[in-house]
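The values are calculated or read from the model by the stated rules, or taken from the named source; none is laboratory data. Please read all numbers here as calculations on a predicted model, not as lab measurements. Counting neighbours? That spans all protein chains shown, and the Cβs are built from the backbone with ideal geometry, glycine included.
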Amino acid sequence: MNDSSDMPRWRHRLHTIIFEADTPAGKRFDVALLWAILLSVAVVLAESVESVKDSHGTLLVILEYTFTAVFTLEYVLRLLAVRRRWKYAVSFYGVVDLLSILPTLVELLLPGAASLRVVRMLRLLRIFRVLKLVGFLREAQTLKAALWASRRKITVFLSAVLVLTTLLGTIVYMVEDAEAGFTSIPRSIYWAIVTVTTVGYGDIAPHTVPGQIVASLMMILGYAIIAVPTGIVGAELARTTIVDTNTQSCPSCSAEGHDDDADFCKRCGSAL
């Protein structure tokens, strides 16, 4: 069993600052990181505006490379702060952190890859870590548990909707003609999905009476279909009970969401 006491003092301190959100240093780091993410996204958005790029192109480039350097340093420090570096590297946030710096580095080798920097917006997911500082942890855990508990019901429901739209789309294809836009069964299924979800682009519409009857039925069914997943998740939310958790992060695998009275990581067993 690993123990956090065998970590060098500097690494333990680094882990506390970077991964812990319930300490003063951790709070300051998270808030500063959030601002850096927001500003870097603003730079990416501003660079896409031609007039802004023409007048402030040099400044935007300098800011972009500065943010890339900051995020690269942060990524390296995160790897240094954990024992099992590979565990963090392949985790969700580890992949997001890596993707936030790759586009600018790739652009040095492949000009024109700058647009890939939009991937950096995924780093805004870090905002949930800051939200946990103000009491949102329990609510986030409740929603996550409810969605996970209802995954099979929602999968069955979506499968039924897919079968329904396939059948109705095929029926409309049979009663309509190509002049109305129903040139194939896949295109008719596309129309059925758009109709059932009440999106209604209007690019395709049935012209015959049988087709319009089927369309009317699908529109009515659409309202009922929208309510089903809401009810499924709502029922799971009502019955979900979550044990109080905190923002403490495992020094070995970086897992979060441990119980308040936990002494060891629920994922890898390392001492907290």
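Which ones in the stretch 146-195 are charged (D, E, K, R) and more than 30 Å from E236 (Cα to Cα)? Matches in the stretch 146-195: E176, D177, E179, R187.
Can you tell me which residues in the stretch 28-52 are modelled with pLDDT of 80 or more, surrounded by 12 or more Cβ atoms within 10 Å (Cβ to Cβ) and not aliphatic (A, V, I, L, M)? Listed by number, the residues that qualify are F29, D30, S40, E47.
Looking at the stretch 8-87, the helices (runs of 4 or more DSSP H) lying wholly inside it that each contain 3 or more residues that are assigned by TED's automatic domain parsing to the domain that holds P103 and of a type in the set (G, A, S) sit at 24-47, 50-81. Filtering the stretch 77-122 to residues that are under 15 Å from A36 (Cα atoms), charged (D, E, K, R) and at pLDDT 70 or above leaves only D97. Pairs are defined by a Cβ separation below 6 Å, a sequence spacing of at least 6 or placement on different chains, a first member in the stretch 231-242 that is modelled with pLDDT of 75 or more, and a second member that is part of a helix (DSSP H, G or I) and of a type in the set (D, E, K, R); the pairs so defined are I232/K153. Residues in the stretch 59-111 that are out of contact with any Ser or Thr (no Cβ under 6 Å at 6 or more places or on another chain) and among the basic types (K, R) were compared, and the one that is surrounded by the fewest Cβ atoms within 10 Å (Cβ to Cβ) is R85.
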